[in-house]
1. Considering only residues that are modelled with pLDDT of 95 or more and either out of contact with any Gly (no Cβ under 8 Å at 6 or more places or on another chain) or not in a loop (DSSP other than H, G, I, E, B) (or both), which ones fall in region 191-203?
2. Of all residues in region 228-245 being touching a residue at least 24 places away in the same chain (Cβ under 8 Å) and open to solvent by 20 Å² or more (accessible area, probe 1.4 Å), which is farthest from residue 172 (Cα to Cα)?
3. Given the conditions (1) open to solvent by 40 Å² or more (accessible area, probe 1.4 Å); (2) under 25 Å from residue 170 (Cβ atoms); (3) acidic (Asp, Glu); (4) touching a residue at least 24 places away in the same chain (Cβ under 8 Å), and given that residue 296 satisfies all but one, which numbered condition is not satisfied?
4. Just give me the residues in region 325-347 being open to solvent by 10 Å² or more (accessible area, probe 1.4 Å) and either touching an Asp or Glu at 6+ places or on another chain (Cβ under 7 Å) or not assigned by the TED database to the domain that holds residue 236 (or both), in sequence order.
5. Which condition from (1) polar (S, T, N, Q); (2) touching a Ser or Thr at 6+ places or on another chain (Cβ under 9 Å); (3) not in a helix (DSSP H, G or I) is the one that residue 218 breaks?
6. Do you know which residues across region 251-268 are closer than 17 Å to residue 184 by Cβ and in contact with a Ser or Thr (Cβ under 7 Å, 6 or more places away or on another chain)?
7. Looking only at residues that are touching a Leu at 6+ places or on another chain (Cβ under 9 Å), assigned to a loop (DSSP other than H, G, I, E, B) and at pLDDT 95 or above in region 234-276, which one is nearest to residue 146 (Cα to Cα)?
8. Return the residue satisfying two criteria in turn: it lies in region 50-65 and is outside any strand (DSSP E or B) and in contact with a strand residue (DSSP E or B) (Cβ under 6 Å, 6 or more places away or on another chain), and of such residues it is nearest to residue 279 (Cα to Cα).
Amino acid sequence: MMRLDAMGARTGSAFLLTLFTTFCGVVHSTHGPLKTSYHASRGNHVEEGRSSQPHIIFIMVDDQGFRDVGYHGSEIKTPTLDRLAATGVKLENYYVQPLCSPSRSQLMTGRYQIHTGLQHSIIRPSQPNCLPLENVTLPQKLKSAGYSTHMVGKWHLGFYKRGCMPTQRGFDTFFGSLLGSGDYYTHYKCDGPGLCGYDLHEGEEAAWEQDQGVYSTTMYTQKAVNILASHDPRRPIFLYLAYQAVHSPLQVPARFLKRYKSIPNLHRRKYAAMVSCLDEAVRNISQALKHFGYYDNTVLVYSSDNGGQPMAGGSNWPLRGSKGSYWEGGIRAVGFVHSPLLVKKGTTSRALMHITDWYPTLVTLGEGTLDENQNLDGYDVWEAISEGRPSPRPDVLHNIDPVYIKAKNGSWKAGFGIWNTAVQAALRVGDWKLLTGVPGYSDWIPPQTFSTLLLANRWHKERISRQRGKSIWLFNITADPYERVDLSGRYPHVVKKMLFRLLQYNKTAVPCRYPPKDYRSNPQYNGGVWGPWYTDGDEEEDNNLLPSDLEKSWKKAKRRGKLKRQS
């Protein structure tokens, strides 16, 4: 049999060729073809002693827009995603968070941002901040249930001390990046002048020896296949594959770019090519699951972490807004479940679901235990997915950000004395959605490739009429998923009820963690590598949760009545 090296196999296109022929039942190596492989023959015996616990493969992709999948009408070709979704369950009322770290934190903990202190923005490379250690993570729960746990790809949940690293948070192995973005080939990332470093890690150390300049989507796929090849499929495995794609910078192998010569907008063209490369990667993962004997007992979840960024080629049409906003374009995600274990396959679920739901759903599927004192915000939605039953979830708190108070005309009066509408917040209850403060970029951007004009420096936008003084909105999302008709003036009683619900949620919020930059984070002090800079002897400054300037502005706003903490 062909030997798999530390990267999973040969790199680049040679690896893909080998992979394709392997899945056809013939392995080509330098020693000539072999009729069968060890893993292929082993698959004939995995029924004996197989665990009742399913294998869990969670594929998280970065910045994929709602429209940017074939089955949502995109011009981008995604045959693998279309096939897996069509023969699984499409999640068409599924929500995530508008940014990277928040979505990942809620996947890992099953808890809202307001309950982990990560309500504001993302975790920056130079911040002494990470997913709070008191939270028991999804891989920790699955590991306790007997799973082998592996992570490949983007972490973006903090790393300022070793206790924050993926291998300290429940993963047996980790291969990937710690930051939110970086070069797809060199794996370098700059966070400002003089703050540049290397960001590819194996476990808790820099992966210099593993790095052969391979495009990250290909490299992560190779690593994931290697993990599947070396694991015994009779034992349950949790593989969290968090691709860097299709986040900027817009980089992609030339062979994928050639497919989209007809797209005049260069950003969209590169982005489309990156999605195609991602689709091919998922195909290779799905084929590996079958080849190595996992498939019949596997639950595969596919999810984007937030909406697309139109200025970087993404499209959320016909949804409103973009990544970073609480409009539907920022938080309604591409998602599906594919598994032979589904009771009803080939269906579309419109049951209300949120990224926090994966925690209790997957732990329960994996025969793990959920503790009452965990105070989870997620729900077990497996029956809603597998059997088409109603969702147990009555609402979704999209977020309450106590730091982002930028609605100049927001006031307690606009919030009926219940809520200060200067505060950025968003809540979904049943069919209704309420937004306060500044929800973020709010235009609709139609598909760029429908025009024959060169659009490299132009954007066709459907702009809303700017309503000065506006700081509160209400929509019936079921009837109006594109958020075109604001109903806040027509249904003030609904607004009041939802504001009271926001108030109740806010009473349970913990202080926001958003510390200032720490100069010791500079990679030049760490061998040119982004990595932990705190040592065991360093004192934690838990009381310094916000940068001094933000803390001062927060206290000033509080004195003026701009923000009110609820007891």
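1. 196, 197, 198, 201, 202, 203
2. Taking region 228-245 as the starting set, the residues that turn out to be touching a residue at least 24 places away in the same chain (Cβ under 8 Å) are 228-231, 233-245.
With the extra rule that they be open to solvent by 20 Å² or more (accessible area, probe 1.4 Å), the set shrinks to 230, 234-235.
Working: 230: 14, 234: 18, 235: 14 Å.
Applying the filter and picking the extreme gives 234.
3. (2)
4. 340, 343, 344
5. The number of the failed condition is (3).
6. Of everything in region 251-268, just one residue is closer than 17 Å to residue 184 by Cβ and in contact with a Ser or Thr (Cβ under 7 Å, 6 or more places away or on another chain), namely 256.
7. So, considering only residues that are touching a Leu at 6+ places or on another chain (Cβ under 9 Å), assigned to a loop (DSSP other than H, G, I, E, B) and at pLDDT 95 or above, the one nearest to residue 146 (Cα to Cα) is 236.
8. 64
The values are calculated or read from the model by the stated rules, or taken from the named source; none is laboratory data. Everything quoted here is computed from the prediction, not taken from an experiment. Note that we place each Cβ from the backbone using ideal geometry, even for glycine, and neighbour counts take in every protein chain shown. These accessible areas exclude ligands, DNA and RNA; they are computed on the full protein's heavy atoms, side chains included. Shrake-Rupley method; radii C 1.70, N 1.55, O 1.52, S 1.80 Å.
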